[in-house]
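Written below as C-alpha cells is the structure these notes are about.
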Amino acid sequence: MEEYILLIDTEDSKGLVYNISKVLFANNLNIEQNAEYVDPDTKKFFMRSIVSGKVSKNILLKELTEVLPSGASIKLNKKEKKDVVILATKEFHVLGDLLIRYIAGELNANIKAVIANHDHLKDLVEKFNIPFTCISADGLSREEHEDKMIKKISEYEPELIVLAKYMRILTPKFVDVFPKKVLNIHHSFLPAFIGANPYKQAHERGVKIIGATAHYVTNDLDEGPIIFQDVVRVDHSYSWEDMRNAGRNVEKIVLSNAFEMLLNDRVFVHGNKTVIL
C-alpha cells in the first residue's frame, strides 16, 4: 500500500477539514496521520496528512482545489527518501554525525554526495562510500567558485542541500537556484558573537547558555525561517574549549532534528517563520 504526504496551506474557513476528508474518502484513501494548525494572527490554515491507498494524483489535486479557497497551496508527495547533497568545509563533527545516522538507517534520505571547498574531509566521507568532491576557491572570485558549486550540485538534482558547517556565504544567485532547499546550522551567539572563535568570545563574556539554530538559507544572512533550536547550560567552570565542545554537541542535535523534519515534509514556511506539523 503506497503512502503519500498531503500538505495544504490556505486561508482558514469553515468546513476545511470536512471538505478535505470528504475528497480523500471519495478517492478511497485512508488517513493514517493528521495534524492541523490555524495561525490566529494571519488566519492561515496548515494541514499535514499521511494518506494511504492507490492515488490518482491529478484527479486528487483537482478535486481538492475545487473545495479549497482560491490560491491554496496543495502538495502531494510520495512518502519516500529524498535526494540530498551535503556541503562542508573542514569541521568533522556535524558531517560525521549525519553520516553515522545515515549509515545506521536513521535518515529518510539518499545522500548523493558531499561537496567541500577543502579536501580535509575526503577520507571521512569515502569511509561511508559516498562520493566526495573538493571544489577549491583558491584563485577564484566568489562568483566563479559558486558557479562551479552550482554546476556540480545540479548534477545530483537534490531535493535538499545541507550546509554541514560550510563556511562560505552564499550569494543571492545560489539561493535563487535552490529556493527553500538549503538548510544551515549556526551557533546562537550570532549576532552577539561574530567573527573568529565565537566560543572564546562567549567565554570572555561569561555566558550561561550555549545554543544552536537550524534554519532555511535566504538572502538575509543567518536570518532565514528557523526550523529547530536547542540549548545547553554552562557555567564559570567551563573553559572556552569546553564551551566549544558543548556547542558542537548541540549543533549536531539541532541539525539532525531539523534535517529529519524536512525529510519528512513537516515544515511549512510562513512568512519569515515556520510551522512544524
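The values are calculated or read from the model by the stated rules, or taken from the named source; none is laboratory data. Being a predicted model, the structure only gives us computed values, none of them experimental. Cβ coordinates were reconstructed from backbone atoms using ideal geometry, including for glycine residues, and neighbour counts include every protein chain displayed. Side chains included, ligands, DNA and RNA excluded: accessible areas come from the protein's heavy atoms. Shrake-Rupley method; radii C 1.70, N 1.55, O 1.52, S 1.80 Å.
A few remarks follow.
- FRET efficiency for N27 and Q229, using Cβ-Cβ distance with R0 set to 51 Å, rounded to 0.05: 0.85
- Kirkwood Rh in Å, taken over the stretch 3-48 so that all alpha-carbon pairs contribute: 11.4 Å
- Given charges at beta-carbon only (K, R positive; D, E negative), |dipole| of the chain in Debye: 240 debye
- Estimated [θ] at 222 nm from DSSP helical runs (n ≥ 4, -39500 (n - 2.57)) normalised by residues in the chain, nearest 500: -10000 deg cm²/dmol
- Summing +1 for each Lys or Arg and -1 for each Asp or Glu among the other residues whose beta-carbon sits under 15 angstrom from that of Y238 gives +2.
- Fluctuation leader among K181, K62, K152 - the chain, Gaussian network, Cα springs under 10 angstrom: K62
- DSSP beta bridges confined to the stretch 82-276 are antiparallel in about 45 percent of cases.
- Considering only V94, V234, V114, the Gaussian network model of the chain with Cα springs below 10 Å gives its largest mean-square fluctuation to V234.
- Label zone at S52, where the point sits 7 Å out along the Cα-to-Cβ direction: the stretch 1-24 residues whose backbone N lies under 16 Å: 1-6
- Per residue accessible area in Å² of the stretch 82-276, where ligands, DNA and RNA are left out and the probe is 1.4 Å: 49 Å²
- HN-Hα J in Hz across the stretch 210-220 - Karplus 6.51, -1.76, 1.60, θ = phi - 60°, x for Gly and Pro: 10, x, 9, 10, 9, 8, 5, 8, 10, 6, 8
- Placing a label point 7 Å from the Cα of H270 along the Cα-to-Cβ direction, the residues of the stretch 1-17 whose backbone N falls under 13 Å of that point are 8-12.
- Angstrom value of the Kirkwood radius, inverse mean 1/r, which spans all Cα pairs in the stretch 1-118: 16.7 Å
- Using R0 = 25 Å, the C-beta based FRET efficiency linking L124 and E260 works out to 0.70.
- Rg(Cα)/(2.2 N^0.38 Å) for the stretch 143-277, N = residue count: 1.12
- Taking only the C-alpha atoms of the stretch 207-277, the Rg (one decimal) and the largest Cα-Cα distance, Dmax (whole number), read 14.0, 41 Å.
- Rounded to the nearest Hz, the phi-derived 3J(HN,Hα) couplings of the stretch 132-145 under the Karplus curve 6.51 cos²θ - 1.76 cosθ + 1.60 (θ = phi - 60°) are 10, 10, 9, 10, 5, 8, 4, x, 10, 6, 4, 5, 5, 5, where x marks glycine and proline.
- For K165, the shell of other residues with beta-carbons less than 12 Å away shows a net charge of +1, using +1 for Lys and Arg and -1 for Asp and Glu.
- Max mean-square fluctuation residue, GNM over the chain, Cα-Cα springs under 10 Å, options A26, A258, A35: A26
- Its residue count N sets the reference 2.2 N^0.38 Å, and the alpha-carbon radius of gyration of the chain equals 1.12 times that reference.
- Karplus-derived HN-Hα couplings along the stretch 253-266 (A = 6.51, B = -1.76, C = 1.60, θ = phi - 60°), whole Hz, x at Gly and Pro: 5, 5, 5, 5, 5, 5, 4, 4, 4, 5, 4, 9, 6, 9
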